[in-house]
1. Looking at segment 197-206 only, could you name the residues that are closer than 13 Å to S150 by Cβ and either β-branched (V, I, T) or surrounded by fewer than 18 Cβ atoms within 10 Å (Cβ to Cβ) (or both)?
2. If we keep just the residues of segment 547-595 that are of a type in the set (A, V, I, L, M) and in a loop (DSSP other than H, G, I, E, B), which is nearest to the chain's Cα centre (by Cα)?
3. Are there helices (runs of 4 or more DSSP H) fully within segment 46-154 with at least 1 residues that are in contact (Cβ under 8 Å) with a residue 60 or more places away in the chain? List them.
4. Being in a loop (DSSP other than H, G, I, E, B), among the aromatic types (F, W, Y) and buried (at least 16 other Cβ atoms within 10 Å of the Cβ) is the filter here; which residues of segment 318-374 pass it?
5. Which count do you get for residues in segment 413-429 that are in contact (Cβ under 8 Å) with a residue 60 or more places away in the chain and surrounded by 17 or more Cβ atoms within 10 Å (Cβ to Cβ)?
6. So which residues in segment 368-416 are of a type in the set (G, A, S) and within 18 Å of the chain's Cα centre (by Cα)?
7. Looking at segment 458-477, I want the residues that are at pLDDT below 95 and have a partner that is of a type in the set (D, E) with Cβ atoms under 6 Å, at least 6 apart or on another chain. Which pairs are those?
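The values are calculated or read from the model by the stated rules, or taken from the named source; none is laboratory data. It should be emphasised that the depicted structure is a prediction, and the values quoted were computed from it without experimental measurement. Ideal geometry is used to build each Cβ from the backbone, glycine not excepted, and the neighbour counts take in all protein chains shown.
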Amino acid sequence: MDLTDLYNKSKTCSISDQVSFSRQVDDLNKKRELSFALEKRIAFVSSSTMNGIKESLLSQCSKHNILLDIFVTEYNQFAQAVLDQSSELYAFDPEVVFLHLDTRTLAGDLFLNSNNTNFHIDEWEKETISLMSTLISILTKRGIKTVISSLEVPHISSLGILESSSNGLRQSVRRINLDLMTQCNDNEYLFLFDYDLFLGKIGKIQSFDERLYYLADMRLKPSYLSEFAADLSLYMKAFYVTPKKCLVLDLDNTLWGGVIGESGLDGIQLGPDPKGRSFMEFQQYILSLHNRGIILAINSKNNYDEAINAINNHPHMVLREENFAAIEINWDDKVKNLKSLASEMNIGLDSMVFVDDDEYNREMVKEFLPEVLVVDMPKDFSMYLSTIDSLDCFVTLNLTKEDLKKGIMYAEEKQRKTLKESSTNLTNYLNLLQMKGVFKVDDNQNIKRISQLTQKTNQFNMTTKRYSEQQIEDFILDDNYHVITLDLSDKFGDYGTTGLAIVDCELEYRLDTFLLSCRILGRNAENALMSEIASLIKNKGGKVLLGSFIETDRNQVARDAFEKLGFDKNDDRVYNWKLSLERSYSFPDCIERVD
């Protein structure tokens, strides 16, 4: 039984439902009758009673096909658990810790008496920041991914409306939360869960049950535990599940109201008026996804000329033709068009999300292309924006400048394909691209992107070694290593940082890492990067560069790369290729090297 299928078939609304589901999962797993994509150890460290959180987290992560082994600290033992290096928490060895501390526990008497003259609120703020910073430091220095909850800004105050204009507890909590956000920006292992926002969506009064608080020190009603765990599970998804890449959109009654073939350009519903505003704002939201790197495509049954005319010329159209990486506007079925779109963009069908107002089209795609995520759109057009916003398929915790430009890059690729089709041969095409390469050595301003390249590059990656930001920084600071990056651009746009080499120079010159992003394959970029490496090593007096190819099920495209780059086979079992630097290694003519 697949874990996600089991979740989808189970009723997991109440705490008792989730307890039953947990037992079922445990039983099936013991019998080895349960399949899942990942198994992870997590810990939930809390300052108040959270009975049921274990079952809720297991249930909510199951829908992402992640099986959890969960450790929950004893009641209000959060400080001891984290500070004591020999505690059960560290014996459990969690990969992720959810650190959930609440304002009422940390503030103590100040929570209801923040104008207490015996203990100033500023002192409490400093002590709280110090405590939280200490806990964070201990966890993250162990390399544990730590998700810390922001503190709840209290809605109760003896100062009444005066609280908002005074330097009271609310302002203090806001400053603490701002400090946590700053720490997250500076720590690759630390992530902030906005618990105050979570409570705001529910309603702070609604989420709190006074009787349960006084009886059992529960700060969140059990009925909201599942929703709380669902939001936390998104961090597990962001850590371990590859997000979707592409949003494929229908046109009629999706990006605008009405049918363009029947209503004409002036008759469709799109604009600031009551009937067209929901479609216009839906497009604005989709554009914001595009601007953060989501690829957009069109799959529409329509007359091409009429539809493209509306996209390019309607005065209130937010999304224009240049925003779409690929377009299929014809009378073919939606399944065939999705396959064509995936082929044109060179992405997997499992990277695609399909949005269409027509239920028949949605069901056909579900039936014949189950790997495509199909969004069940509501009949009410005004709900379109909130429906897409509720999706968790694009969730991510880091965005580099390359990520932000990804949607634009795919749209630019259309222009390159047009140029390639009109070129007489590959050499002619590469010269017409007018490529420029910028190389940087030990650049500490691009650590996040360098780490991301090692984590995400699978095809042209000779060793597929994965490195964290801290490890990349260590390489850059180590005199025995050089980290070399390639930024490539052409006349259509900037590919960004897409080439990487890490050279171990300690005893002899060895390529620890050599990779290229798939979007610059076939551009002679590997020759340019290798030429730069060879030049660097020759200037240091090196005569031979060693390399290794470690085959995986996804990097076969790089199998012959060393041979094509002029390497010879080497007897060393680890570094099985060697390049003599006595020979001249020329930079490719089709790329201009820019200092």
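1. L197, G200
2. The residue in question is I550.
3. 53-62, 103-107
4. F324
5. Of the residues in segment 413-429, 3 are in contact (Cβ under 8 Å) with a residue 60 or more places away in the chain and surrounded by 17 or more Cβ atoms within 10 Å (Cβ to Cβ).
6. Residues satisfying the conditions are S390, G407.
7. What qualifies is E469/E188.
Residues are listed down the side, and each one gets a yes or a no for (1) under 23 Å from the mean Cα position of the chain (by Cα); (2) outside the structural domain of I286 (by TED's automatic domain parsing); (3) assigned to a loop (DSSP other than H, G, I, E, B):
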{"site": "N167", "(1), (2), (3)": "no, yes, yes"}
{"site": "R170", "(1), (2), (3)": "no, yes, no"}
{"site": "R174", "(1), (2), (3)": "no, yes, no"}
{"site": "L180", "(1), (2), (3)": "yes, yes, no"}
{"site": "Q183", "(1), (2), (3)": "yes, yes, no"}
{"site": "F191", "(1), (2), (3)": "yes, yes, no"}
{"site": "K204", "(1), (2), (3)": "no, yes, yes"}
{"site": "S207", "(1), (2), (3)": "no, yes, yes"}
{"site": "S233", "(1), (2), (3)": "yes, yes, no"}
